[in-house]
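A short worksheet on the structure shown next.
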Amino acid sequence: MLEPTRRLRPAPVAPAPAVPGGLAERGAAPRSTLGLPPGSIPGQPGPPSDERGRVAAVGSSPDEFEQPSSARVYDYLLGGAAHGAIDRQLGDELTAARHDVVALVRENRAFLRRAVRFLLAAGIDQFLDLGSGVPTMGNVHEVIARSRAGARVAYTDIDSIAAMHGQQLLAALPTATYTAVDVTDVEAVLSAPGVAGLLDLRRPVGVLAFSVLQHVPGDAAGLVASYLSHVVPGSALALSHYTTDDPGATDRIERLTARYAHSDPRARTRAEVADVLAGVDLVEPGITWAGEWRPEAGRPPGPDDARGHWAAVGFLR
Ligand SMILES: C[S@@+](CC[C@H](N)C(=O)[O-])C[C@H]1O[C@@H](n2cnc3c(N)ncnc32)[C@H](O)[C@@H]1O
């Protein structure tokens with residue numbers, strides 16, 4: 001288990017551009033900006049830390065740069081700025097193995113935005129985001145900032161580099177935190193200062209698990225049930241999950257993603273994803289491909305073959 005951390009107060013870094021209208025949605029080819037905190041790169045001065053050196057507590061070490069990470073590869077594919085050469089290399093290999101990988105991650109992130117907007121409209125104003133990745137490129141705090149004053153989000157991720165980037169990016173925002181923690185350790189997640197200090201679990205919470213549970217090889221249904229047991233009726237679950245149900249999926253993707261740090265990828269079938277969602281009442285249209293979940297009116301449909309994630313939203317009875 002990684003120890004929960006508080007926000008760092010290092011020197012500000014330029015945030016990555018945000019969507020909509022950012023690189024990802026415009027389809028610009030991102031290349032080689034390394035938006036990581038100063039000192040995050042082996043050979044450079046040590047990472048920023050607060051007075052108690054909490055960077056060490058999130059587990060960052062030069063080793064983390066020797067393996068690609070899902071958070072950083074995903075950031076690269078979305079057009080973000082928080083990745084390194086090793087992440088770009090794997091991102092390029094993934095794109096070569098499956099031509100629609102970029103479309104697929106964009107569809108997933110677009111589903112995230114639609115699901116969060118839907119939940120805000122339904123009255124949910126606090127979110128626990130599990131496996132958040134780098135919180136840029138149209139992520140939850142950007143959506144809620146446009147929709148509802150005072151809504152809040154507690155981001156969490158096992159990736160300490162994503163967490164450092166997030167902590168710097170969100171340092172001035174009182175309605176968002178970022179905690180480095182393993183999603184499989186429910187108690188650690190819920191008791192982390194960034195979560196317990198921000199969210200009021202006596203009121204409904206939106207539990208968000210976008211494209212993360214495929215990195216959890218064990219009992220994902222049991223894990224989600226455990227989170228749901230800690231939130232009150234009226235809370236919601238929004239989830240997307242990578243699958244190999246689509247004929248476009250190739251074994252090569254699974255072999256490549258096995259190189260991620262902190263991960264033992266496990267694609268699940270629609271039936272397995274339905275088990276994970278068993279504790280909530282799904283809203284229409286139930287479980288669909290991410291790009292087909294309540295698409296925005298007038299938006300051109302995504303590529304037919306960008307069918308990598310099952311997606312659904314439901315409410316706790
Ligand atoms: C594909 S990214 C998804 C990012 C974001 N949720 C989204 O959908 O846009 C998967 C994220 O899950 C995180 N992750 C993988 N295993 C995890 C674990 N055991 N605990 C917490 N986060 C984890 C990765 O570090 C990565 O940031």
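The values are calculated or read from the model by the stated rules, or taken from the named source; none is laboratory data. Note that the coordinates shown come from a computational prediction; the quantities given were computed from them, not determined experimentally. Cβ coordinates were reconstructed from backbone atoms using ideal geometry, including for glycine residues, and neighbour counts include every protein chain displayed. Ligands, DNA and RNA are stripped out before the accessible areas are found, and what is left, the full protein with its side chains, is counted by its heavy atoms. Shrake-Rupley method; radii C 1.70, N 1.55, O 1.52, S 1.80 Å.
Give the carbon-plus-sulfur fraction of the accessible surface of the range 59-142 in %, rounded to a whole number; probe 1.4 Å, heavy atoms of protein chains only.
54 percent
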Protein chains only, probe 1.4 Å: how do E187, E272, E107 rank by accessible area, largest first?
E187, E272, E107
In nanometres, the difference between 0.36 nm per residue of separation and the alpha-carbon distance of D219 and A121 is 32.1 nm
Amide N of the range 232-253 lying under 15 Å from the label point, which is placed 7 angstrom from the Cα of R203 along Cα→Cβ:
232-236
Summed residue charge, Cβ within 10 Å of R294's Cβ, Lys/Arg positive, Asp/Glu negative:
-1
Within-14-Å neighbourhood charge of P217 [Cβ basis; K, R +1; D, E -1]
-3
T177: accessible area at probe 1.4 Å, nearest 10 Å²?
20 Å²
Could you give the length gained by full extension between L173 and D185, i.e. 0.36 nm per residue of separation minus their alpha carbon distance, to one decimal place?
1.7 nm
Mean Cβ neighbour count within 10 Å, used as a protection proxy, ranking 80-93, 140-153 highest first:
80-93, 140-153
Neighbourhood net charge (15 Å Cβ-Cβ; Lys/Arg +1, Asp/Glu -1) for V283:
+1
Non-local residues with an amide H under 5 Å from the amide H of F210, with H modelled 1.01 Å from N and Pro and chain starts lacking one, are L130, S240
